[in-house]
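Chemist: Handing you this structure, nothing more for now.
The values are calculated or read from the model by the stated rules, or taken from the named source; none is laboratory data. What you see is a predicted model, and the numbers here were worked out from it, not measured in a lab. Glycine also receives a Cβ, built like all others from the backbone with ideal geometry; neighbour counts cover every protein chain displayed.
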C-alpha cells in the first residue's frame with residue numbers, strides 16, 4: 001500500500017485541521033501578495049513584506065509541518081505522539097496566533113498589538129516543542145533522521161525566543177543593536193536551523209522510502225549535520241557577541257558544503273531508486289532540493305559584498321528570502337502534501353475495511369491532473385517573481401502574484417477533495 005508506517009499513527013482529527021488551515025493560509029497569502037505587490041520593490045523590512053513573510057512561514061509552512069510531523073513521528077521516532085490532545089490544543093492557539101501576529105505586522109502595530117501576538121505564538125510553539133521532545137524521549141530509535149529533527153526543534157525554540165524579544169523590544173527598547181541586526185539572526189536561525197534541518201531529517205527517511213532506494217551512505221548525512229550546525233552556531237555567536245563579519249564567509253561555506261552533502265545523499269537515492277517514474281509529489285521534492293542552490297549562492301554574495309549598491313542589496317536580500325520560502329520550502333510542502341495527506345485520509349477511511357470493500361489507492365483521492373497543472377503554474381510564479389524583483393519590474397511581480405493565486409485555488413481544490421472524501425462501499429468478491 002503505502003510506505004508510510006501506520007503503527008502508532010495519530011487520529012486523523014489531529015492532522016487534518018493543520019492541512020486545512022495551511023491550505024487556506026496559502027490562499028490568504030496569495031491575496032496579500034496581490035495587495036502588496038509594489039512592496040517587493042521596497043526595502044525588505046517594510047510592514048507588508050514582514051507580514052507576508054510571517055503568514056508564509058507560520059500560517060502556511062509551519063502549520064502544515066506540524067500536521068505532517070505529527071503523522072510522521074511513528075516513522076522518524078518509531079513511537080507514538082506523546083499527546084494528541086495537546087496537539088489539538090496547540091493547533092487552535094497557533095491558528096489564532098498566526099492571524100493575530102500577521103495582522104499586527106500588516107498594520108504596523110509594533111509597539112501595541114505585536115508583543116501580545118508574539119507571546120501567544122511563543123506559547124503555541126513551546127507546546128509543540130514539548131510534545132515533540134516528550135515523544136522523542138519515549139523513542140528507542142536514535143538515528144540520523146531523529147537527530148536532525150530534534151536539533152531542528154531546539155533551533156525553533158531559539159528562533160522563537162529571539163522573535164519574542166524583538167517584539168517586546170518595540171515596546172520597551174532594551175536590546176543593544178538595531179532591530180534589523182536581530183531580525184537577520186532570527187530569520188537565519190529559523191530558516192536554516194529549524195526548516196532546513198527538519199526537512200533534511202524527515203526527507204532523509206522519506207525520500208529513500210518513496211524512491212525505494214537501498215544501500216545509501218548515512219555518513220553523508222552525518223557530515224551534513226555537523227557542518228550545517230557548526231556554521232549556524234558560529235554565525236549566531238559571531239553576530240550576537242563577537243561582530244567580526246570577515247569570518248562570516250567561512251561559516252557560510254560550512255553550511256553550504258553541508259547542504260551539498262545532503263544534496264549528494266538525495267542524488268544517490270535518486271540514482272539507486274527502484275521506482276523510476278516520479279509522481280507529482282516527488283517532482284516537487286526534486287525541484288525543491290535543486291532550488292537550494294540559489295539562496296545559498298545569494299547568501300555567499302551578500303556575505304562577500306562585492307561592492308554592491310544598497311538598492312541592489314535590498315533586492316538580493318528579498319530574492320534570498322523569497323527563494324528559501326517559496327523556492328525551497330513551499331515547493332517541497334506542495335509536493336509532500338500529495339505523499340502525506342492522501343495516506344492520512346486513506347488510513348482514516350479504509351484501514352479497517354481492507355478485504356471487506358474494494359479500496360482506492362491513496363493517489364486516487366486527489367486529482368493528479370490538477371496537481372500537475374499547479375506544478376507548472378508554480379514554476380512560472382517563481383520565475384516571474386524572481387525576475388520582477390531583480391529587474392525592478394512591477395508588472396512581472398503582478399503576473400507572479402496572480403499565478404500564485406491560481407496555484408492556491410487549485411491546491412485548495414485538491415486538499416478539500418481529499419479531506420471531504422467519502423468511503424466507497426463497493427463490496428469485494430472475497431469470502
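Chemist: Residue by residue through the stretch 168-178, note down the ones that are in contact (Cβ under 8 Å) with a residue 24 or more places away in the chain and either surrounded by 15 or more Cβ atoms within 10 Å (Cβ to Cβ) or assigned to a loop (DSSP other than H, G, I, E, B) (or both).
Modeler: Start the filter on the stretch 168-178 by keeping residues that are in contact (Cβ under 8 Å) with a residue 24 or more places away in the chain, which leaves 168, 170-171.
Result: 168, 170.
Chemist: Suppose the filter is in contact with a helix residue (DSSP H, G or I) (Cβ under 8 Å, 6 or more places away or on another chain), touching a residue at least 24 places away in the same chain (Cβ under 8 Å) and farther than 15 Å from residue 144 by Cα; does residue 247 pass it? Explain how you work it out, then say what you get.
Modeler: Numbers: in contact with a helix residue (DSSP H, G or I) (Cβ under 8 Å, 6 or more places away or on another chain): yes; touching a residue at least 24 places away in the same chain (Cβ under 8 Å): no; farther than 15 Å from residue 144 by Cα: yes.
It is false that residue 247 is in contact with a helix residue (DSSP H, G or I) (Cβ under 8 Å, 6 or more places away or on another chain), touching a residue at least 24 places away in the same chain (Cβ under 8 Å) and farther than 15 Å from residue 144 by Cα.
Chemist: If you don't mind, another one. Just a yes or no: is a residue in the stretch 261-280 buried (at least 19 other Cβ atoms within 10 Å of the Cβ), without any contact (Cβ under 8 Å) to a residue 40 or more places away in the chain and under 23 Å from the mean Cα position of the chain (by Cα)? It would help to see each step written out before you state the result.
Modeler: Let us first name the residues in the stretch 261-280 that are buried (at least 19 other Cβ atoms within 10 Å of the Cβ), namely 261-262, 265-266, 269, 280.
Applying the additional criterion that residues be without any contact (Cβ under 8 Å) to a residue 40 or more places away in the chain yields none.
There is no residue in the stretch 261-280 that is buried (at least 19 other Cβ atoms within 10 Å of the Cβ), without any contact (Cβ under 8 Å) to a residue 40 or more places away in the chain and under 23 Å from the mean Cα position of the chain (by Cα).
Chemist: Does residue 12 meet the test of being free of Cβ contacts under 8 Å to residues at least 60 places away in the same chain and at negative phi? First the steps, then the outcome.
Modeler: Values: free of Cβ contacts under 8 Å to residues at least 60 places away in the same chain: no; at negative phi: yes.
So residue 12 does not fit the description; no.
Chemist: Which ones in the stretch 335-369 are in a helix (DSSP H, G or I), over 24 Å from residue 207 (Cβ atoms) and touching a helix residue (DSSP H, G or I) at 6+ places or on another chain (Cβ under 8 Å)? Walk me through how you get there before you give the answer.
Modeler: Restricting attention to the stretch 335-369, the residues satisfying the condition of being in a helix (DSSP H, G or I) are 335-353, 362-365, 368-369.
Within this subset, residues satisfying the condition of being over 24 Å from residue 207 (Cβ atoms) are 348-353, 369.
If the condition is that a residue be in a helix (DSSP H, G or I), over 24 Å from residue 207 (Cβ atoms) and touching a helix residue (DSSP H, G or I) at 6+ places or on another chain (Cβ under 8 Å), then 348 is the only one that fits.
Chemist: Determine whether residue 304 is over 24 Å from residue 341 (Cα atoms) and modelled with pLDDT of 85 or more. Walk me through it before giving the result.
Modeler: Numbers: over 24 Å from residue 341 (Cα atoms): yes; modelled with pLDDT of 85 or more: no.
The answer is no for residue 304.
Chemist: Do we have any residue at all in the stretch 146-160 that's part of a helix (DSSP H, G or I), in contact with a helix residue (DSSP H, G or I) (Cβ under 6 Å, 6 or more places away or on another chain), farther than 22 Å from residue 94 by Cβ and in contact (Cβ under 8 Å) with a residue 60 or more places away in the chain?
Modeler: Scanning the stretch 146-160 turns up at least one residue that is part of a helix (DSSP H, G or I), in contact with a helix residue (DSSP H, G or I) (Cβ under 6 Å, 6 or more places away or on another chain), farther than 22 Å from residue 94 by Cβ and in contact (Cβ under 8 Å) with a residue 60 or more places away in the chain.
Chemist: Only one of these is farther than 25 Å from residue 295 by Cβ and modelled with pLDDT of 95 or more: 416, 377, 343, 381. Name it.
Modeler: Numbers: 377 fails: farther than 25 Å from residue 295 by Cβ; 343 fails: modelled with pLDDT of 95 or more; 381 fails: farther than 25 Å from residue 295 by Cβ.
Testing whether each residue is farther than 25 Å from residue 295 by Cβ and modelled with pLDDT of 95 or more leaves just 416.
Chemist: Further question on the same structure: Which number in (1) more than 23 Å from residue 280 (Cα to Cα); (2) under 18 Å from the mean Cα position of the chain (by Cα) marks the one condition that residue 353 misses?
Modeler: (2)
Chemist: Related question: Only one of these is touching a helix residue (DSSP H, G or I) at 6+ places or on another chain (Cβ under 8 Å), closer than 23 Å to residue 55 by Cα and either at pLDDT below 90 or surrounded by fewer than 23 Cβ atoms within 10 Å (Cβ to Cβ) (or both): 313, 289. Name it. Walk me through it before giving the result.
Modeler: Working: 313 fails: closer than 23 Å to residue 55 by Cα.
Exactly one residue qualifies, and that residue is 289.
Chemist: Restricting the stretch 122-146 to residues that are modelled with pLDDT of 90 or more, closer than 15 Å to residue 78 by Cα and surrounded by fewer than 16 Cβ atoms within 10 Å (Cβ to Cβ), which is nearest to the chain's Cα centre (by Cα)?
Modeler: 133
Chemist: Additional query: Evaluate the following for residue 100: is it surrounded by fewer than 22 Cβ atoms within 10 Å (Cβ to Cβ), within 20 Å of residue 61 (Cα to Cα) and free of Cβ contacts under 8 Å to residues at least 24 places away in the same chain?
Modeler: Details: surrounded by fewer than 22 Cβ atoms within 10 Å (Cβ to Cβ): yes; within 20 Å of residue 61 (Cα to Cα): yes; free of Cβ contacts under 8 Å to residues at least 24 places away in the same chain: yes.
Yes, satisfied.
Chemist: For the stretch 292-300, check the following and say yes or no: at least one residue is in contact with a helix residue (DSSP H, G or I) (Cβ under 9 Å, 6 or more places away or on another chain), within 24 Å of residue 212 (Cβ to Cβ), surrounded by 15 or more Cβ atoms within 10 Å (Cβ to Cβ) and modelled with pLDDT of 85 or more.
Modeler: Yes, that holds for at least one residue.
Chemist: Then there's this: What tally of residues in the stretch 173-202 results from selecting those that are closer than 28 Å to residue 276 by Cβ and over 12 Å from the mean Cα position of the chain (by Cα)?
Modeler: Summing the residues that are closer than 28 Å to residue 276 by Cβ and over 12 Å from the mean Cα position of the chain (by Cα) in the stretch 173-202 gives 1.
Chemist: Can you tell me which condition residue 110 does not meet? The list is (1) closer than 30 Å to residue 348 by Cα; (2) touching a residue at least 12 places away in the same chain (Cβ under 8 Å); (3) over 19 Å from the mean Cα position of the chain (by Cα), and all the others hold.
Modeler: Condition not satisfied by residue 110: (1).
Chemist: Which of the residues belonging to the stretch 80-92 are without any contact (Cβ under 8 Å) to a residue 40 or more places away in the chain and surrounded by 16 or more Cβ atoms within 10 Å (Cβ to Cβ)? Before the answer, list the steps.
Modeler: Keep residues of the stretch 80-92 that are without any contact (Cβ under 8 Å) to a residue 40 or more places away in the chain, which gives 85, 89, 92.
None - no residue of the stretch 80-92 is without any contact (Cβ under 8 Å) to a residue 40 or more places away in the chain and surrounded by 16 or more Cβ atoms within 10 Å (Cβ to Cβ), so the list stays empty.
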